[in-house]
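The values are calculated or read from the model by the stated rules, or taken from the named source; none is laboratory data. Quick caveat, the model's predicted, so the values are computed rather than measured. Every residue, glycine among them, receives a Cβ derived from its backbone with ideal geometry; neighbour counts consider all protein chains shown.
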């Protein structure tokens, strides 16, 4: 098995390329050792699909679900970057869902977020057939995926448009996100880069919509992240507290933007331990 048939995307730099290759390598290992159903369509377009990773016990019922979105600056990335996270989640026991979505510039904002809502609707409607509970769905994401996950808890108009009920998720785990604006690679999608200053709070960003936040959130990042990640992470935590939304936060020393995600495949990783604990208690 390999991922050679995946749609091509631009190579960015050595660090991103190494991260991508390592995600693929580890995810292939996870696919080999977990029960899974891959490339389930929730829409008609190529990237509108998701992968389900399931516990070994086929009779398990009422399981919690982690619905997870990959990063990539809104313009690159694959759901296959996140499959390596599955073994540490399905052993809770729980269901892990790795979600694909259309990318900029093939679509414009907010279509990637609308795709995430459509995928969430599919999971809400169908996860019971796989042993999951629609009352125990948690969302999460890394980098751009973290921002999209946050928006899933705040954009009530897009939630209603997707046909989802009020408060469809129990919590959100946002890892290494930025929350004031979209960070889009100008080499890939120059016409989609926001014109606001890097410190501005842009419309339709989580920080602009925080007054709508009700879902408990966990905001986390590595200790060696780019400056904008801890800056906006602290802003987001403070804003959620002021809005009265339950929030917890963690910083993981010694980890950068990519290593902090790669570590989540380890069942003993602190972020993964938090996710397992919260989902088990739900």
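Remarks
- Here 171, 145, 222 are screened, and the one residue that is surrounded by 14 or more Cβ atoms within 10 Å (Cβ to Cβ), touching a strand residue (DSSP E or B) at 6+ places or on another chain (Cβ under 7 Å), farther than 24 Å from residue 64 by Cα and modelled with pLDDT of 95 or more is 222.
- Verdict on residue 187 being closer than 17 Å to residue 153 by Cα and modelled with pLDDT under 95: no
- One residue from 105, 93 being in contact with a helix residue (DSSP H, G or I) (Cβ under 8 Å, 6 or more places away or on another chain) and either within 13 Å of residue 65 (Cβ to Cβ) or surrounded by fewer than 20 Cβ atoms within 10 Å (Cβ to Cβ) (or both): 105
- Residues located in the range 1-44, provided they are modelled with pLDDT of 95 or more, under 20 Å from residue 115 (Cβ atoms) and assigned to a loop (DSSP other than H, G, I, E, B): 42, 43, 44
- Any chance residue 276 is at pLDDT 95 or above, within 25 Å of residue 197 (Cβ to Cβ) and surrounded by 15 or more Cβ atoms within 10 Å (Cβ to Cβ): no
- Residue within the range 255-269 that is without any contact (Cβ under 8 Å) to a residue 12 or more places away in the chain and farther than 27 Å from residue 85 by Cβ present: no
- Matching entry among 37, 80 (being surrounded by 15 or more Cβ atoms within 10 Å (Cβ to Cβ), in contact with a strand residue (DSSP E or B) (Cβ under 8 Å, 6 or more places away or on another chain) and more than 22 Å from residue 277 (Cα to Cα)): 80
- Checking the stated criteria, residue 12 turns out not to satisfy the condition of being under 17 Å from the mean Cα position of the chain (by Cα), touching a residue at least 12 places away in the same chain (Cβ under 8 Å) and crowded, with 17+ Cβ neighbours inside 10 Å.
- Count of the range 238-254 residues which are closer than 13 Å to residue 206 by Cβ and either surrounded by fewer than 17 Cβ atoms within 10 Å (Cβ to Cβ) or in contact with a helix residue (DSSP H, G or I) (Cβ under 7 Å, 6 or more places away or on another chain) (or both): 5
- Only one of the numbered conditions (1) part of a strand (DSSP E or B); (2) surrounded by fewer than 22 Cβ atoms within 10 Å (Cβ to Cβ) is not met by residue 67, and that is (2).
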